Amino acid sequence: MKNTLVISLVSEQTIPNILTILHFKSDWLLFVSTEEMQKKKKVEAILNTLRQRDFSWEKDEVLIVDQDSVSDCMDKLQHWIEKVNFHTYETIVNITGGTKMMSIAAYEVFKAHPCQII
């Protein structure tokens, strides 16, 4: 069975990301976040909730993007894709969080890859 990667766009609402990670039983978590969400410790809140539910995963990482720039988000996501081997994972991209710009960027970047965009 393939391992699962869930890519989550971080915003004020953490529950959609938590539910997606739990549903797909993700092994690898990539959080696309912003400086503002980092200050508010939203990724930390998601990870703490997962730990409280006794959920375990192999690795997690955070990619910081400019929340108002489609091109910045796309460039950083494309750079991330080029440096990692994510194609060996079943990949789910949750575009329900983040800003509209982040969602558009994630969709544009990942539509060319074998992933499930939700």
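The values are calculated or read from the model by the stated rules, or taken from the named source; none is laboratory data. Note that this is a predicted model, so its numbers are computed, not measured. Positions of Cβ are generated from backbone atoms using ideal geometry, with glycine treated the same way; all protein chains shown enter the neighbour counts. For the accessible areas, the whole protein counts, side chains as well, though only heavy atoms, and no ligand, DNA or RNA atoms are used. Shrake-Rupley method; radii C 1.70, N 1.55, O 1.52, S 1.80 Å.
Taking the chain as the region of interest, the number of lysine pairs whose Cα atoms are within less than 25 Å, with members eight or more places apart or on different chains, is 28. When S69, S33 are compared by accessible area of protein heavy atoms, the largest-first order is S69, S33, using a 1.4 Å probe.
In units of the compact-protein estimate 2.2 N^0.38 Å, the chain shows a Cα radius of gyration of 0.97. Hydrophobic, long helices, defined as DSSP H runs whose alpha-carbon span along the helix axis is 30 Å or greater and whose mean Kyte-Doolittle value is at least 1.0, do not occur in the chain. The slack in the chain from I15 to S71, taken as 0.36 nm per residue of separation less the alpha-carbon distance, amounts to 17.4 nm.
Note on the chain: with charges restricted to the Cβ of Lys and Arg (+1) and Asp and Glu (-1), its dipole about the Cα centre is near 320 debye. Taking R0 as 25 Å, what FRET efficiency do you get between I117 and E36 from their Cβ-Cβ distance, rounded to the nearest 0.05? Working from the Cβ atoms, E equals 0.55. Solvent-accessible area per residue in the chain equals 54 Å², computed with a 1.4 angstrom probe and all protein chains kept.
In region 1-82, the portion of solvent-accessible area held by carbon and sulfur atoms comes to 48 percent [1.4 Å probe, whole percent, DNA, RNA and ligands not counted].
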